1. Considering only region 58-83, state which residues are under 18 Å from Glu22 (Cβ atoms), under 13 Å from the mean Cα position of the chain (by Cα) and hydrophobic (A, V, I, L, M, F, W, C).
2. Go over the candidates Ala150, Ala156, Ala161, Ala180 one by one and state the one that is out of contact with any helix residue (DSSP H, G or I) (no Cβ under 6 Å at 6 or more places or on another chain) and crowded, with 18+ Cβ neighbours inside 10 Å.
3. Which one of Ile55, Ile64, Ile37 is surrounded by fewer than 14 Cβ atoms within 10 Å (Cβ to Cβ) and over 19 Å from Asp178 (Cβ atoms)?
4. Before we move on, is Thr162 in contact with a strand residue (DSSP E or B) (Cβ under 9 Å, 6 or more places away or on another chain) and among the hydroxyl-bearing types (Ser, Thr, Tyr)?
5. What number of residues within region 11-30 are touching a Phe, Trp or Tyr at 6+ places or on another chain (Cβ under 6 Å) and within 21 Å of Glu84 (Cα to Cα)?
6. Would you be able to tell me the number of residues in region 145-172 that are at negative phi and either among the aliphatic types (A, V, I, L, M) or in a loop (DSSP other than H, G, I, E, B) (or both)?
7. Taking region 139-153, which residues are more than 14 Å from Met196 (Cα to Cα), within 24 Å of the chain's Cα centre (by Cα) and not acidic (Asp, Glu)?
8. Considering each residue of region 1-41, count those that are basic (Lys, Arg) and in contact (Cβ under 8 Å) with a residue 60 or more places away in the chain, and give that number.
Amino acid sequence: MSAYDFKKSHILISTNIEAEFERLKELLKPNRVVGFIEDEFKMEHAKAVVAESYISESETKYLILGANNFNTTSQNSLLKALEEPPRNIEFIIISSTKSNLLPTVRSRMPIYNGENLHTIQEINISLAKINYAEVFDFLKTNARAKKSEAQELIEALYHRATVVEKLILTTSQLENFDMAYRLLELNSRPQSVLAMIIMSFVGEKNVS
């Protein structure tokens, strides 16, 4: 597997969570694999993971956590176990996007890209040259965006900025992207969150 060491704790970014889980179960045989695969990973699931991690094992046991959304509280409750895993325990987190995970979680394990089933939607505006009229049009067009749609738009904006336009984001802009997912998770108005992101590019002199 060259650089991808699937036998050690890691984060796998993939929209095909169930398939990745089944693939890893096969790869990790004959070791014991315990899966926690949810649509939204909540505090109750985190508690179950921590409890399972402290059940002693004589051989390596793999705990695989997979979800489309990981809430902040559940991630924070996992930090100690991720940083100092019990003996013979390896953690694998499968998330549909890197942005779902807190920086404190992402910093604890290597991140690899798996299979992705969706394409990032295109946003045909230049973030390096965006003006207030374009901001207004963008927010008007997406005035009725739901939480999931806002998440996709934020991912698309990040992709547009960093991959398409190759902008070097400011510390403030990076923090806004991290904050945006947490605000949506807390049920903030999608329009307000989108406005925070898009407005951060007006007047900025990002370097490409």
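The values are calculated or read from the model by the stated rules, or taken from the named source; none is laboratory data. Bear in mind the structure is a predicted one, so any value in this text is a computation, not a measurement. Note that we place each Cβ from the backbone using ideal geometry, even for glycine, and neighbour counts take in every protein chain shown.
1. Hits for region 58-83 are Leu65, Ala67.
2. On inspection, the qualifying residue turns out to be Ala161.
3. Working: Ile64 fails: surrounded by fewer than 14 Cβ atoms within 10 Å (Cβ to Cβ); Ile37 fails: surrounded by fewer than 14 Cβ atoms within 10 Å (Cβ to Cβ).
Exactly one residue qualifies, and that residue is Ile55.
4. Values: in contact with a strand residue (DSSP E or B) (Cβ under 9 Å, 6 or more places away or on another chain): yes; among the hydroxyl-bearing types (Ser, Thr, Tyr): yes.
Here the answer is yes, as Thr162 does meet what is asked.
5. 1
6. Just the residues of region 145-172 that are at negative phi, to begin with: 145-165, 167-172.
Within this subset, residues satisfying the condition of being either among the aliphatic types (A, V, I, L, M) or in a loop (DSSP other than H, G, I, E, B) (or both) are 145-146, 150, 153-154, 156-157, 161, 163-165, 167-170.
Going through region 145-172 one residue at a time, the tally reaches 15.
7. Arg144, Ala145, Lys146, Lys147, Ser148
8. Let us first name the residues in region 1-41 that are basic (Lys, Arg), namely 7-8, 23, 25, 29, 32.
Imposing the further condition that a residue be in contact (Cβ under 8 Å) with a residue 60 or more places away in the chain reduces the set to 7-8.
Going through region 1-41 one residue at a time, the tally reaches 2.
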